[in-house]
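The values are calculated or read from the model by the stated rules, or taken from the named source; none is laboratory data. Here the structure is a predicted model, which is why all the values come from computation and not from measurement. Using ideal geometry, Cβ is built from the backbone for each residue, glycine included, and neighbour counts are taken over all protein chains shown. Areas reflect the complete protein model, heavy atoms only, side chains present, ligands, DNA and RNA absent. Shrake-Rupley method; radii C 1.70, N 1.55, O 1.52, S 1.80 Å.
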Amino acid sequence: MSPPPLLPLRPSSFLSRKVAAGMEGDPLLVHALSTLASTHTCNASRWRVDLDEGWTYLELTCSHWLEMEERMGRAAREETSMDKLKALVSELDQSSLTNDDLRARLVSRMLALTNVAVGDVCVMCGERGIAVRFFPCRHSCACVECVMRELSSEEEKESLTSMGFVSLKGSDTKLACFECGRHVLNISTM
């Protein structure tokens, strides 16, 4: 793949010592162009050759980065093994690509997989960390957000939020532990 030219590369009439249509009336321009055409290669021409090599390198690097970002973005969105995520983070760290957001998404996905494996995430949503304990079974298996959806009154939600505890004795809320299914009488935050 050749890099796009910086300047249009059209056959030049003055390089062949011909005057372009419409310019023949300006003798100073014709003389200047004719003089330029007969001089040796200038620094700008050498710079252009050097730039072509650098431009090709930049294009290849950019296409590599875009392909790598696509693979990593796909891995952060989809089910991916821990080994593959580690390999992608390592590849990102070893490359010259700096994308802190993408790296954070990959690491977050790795942490989520770890939390699911060791049981540190809510059994209902599978995303947020465990933050409440049910009584009398004493199971810690849910996040505050999922428990809040199960509470029927605003007073219960306010109590759990402000005091870190709510009693469901005599409440309209009928809640069973998400882990064992036992009737929940009290909920506390951890």
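The label point for Met124 and the one for Glu91, both projected 7 Å from the Cα toward the Cβ, are 3.8 nm apart. Rolling a 1.4 Å probe over the protein heavy atoms gives the range 56-155 an accessible area of 61 Å² per residue.
Fully extending the segment from Met190 to Met163 would add 8.6 nm, taking 0.36 nm per residue of separation and subtracting the current Cα-Cα distance. Each Lys or Arg adds one and each Asp or Glu subtracts one; over the other residues with Cβ under 13 Å from the Cβ of Arg138, this totals +1. Expressed as a whole percent, the accessible area of the range 80-174 that falls on carbon and sulfur atoms is 50 (1.4 Å probe). What the phi angles of the range 160-167 give under the Karplus curve with 6.51, -1.76 and 1.60, with θ = phi - 60°, is a coupling list of 5, 6, 7, 9, x, 7, 8, 9 Hz, glycine and proline written as x. Considering only Leu151, Val132, Gly170, and ranking their Cα positions along the charge dipole of the range 119-172 that arises from unit charges at the beta-carbon of Lys, Arg, Asp and Glu, the one farthest toward the positive end is Val132. Averaging Cα coordinates gives a centre for the range 165-184 and one for the range 140-164; these two points are 11 Å apart.
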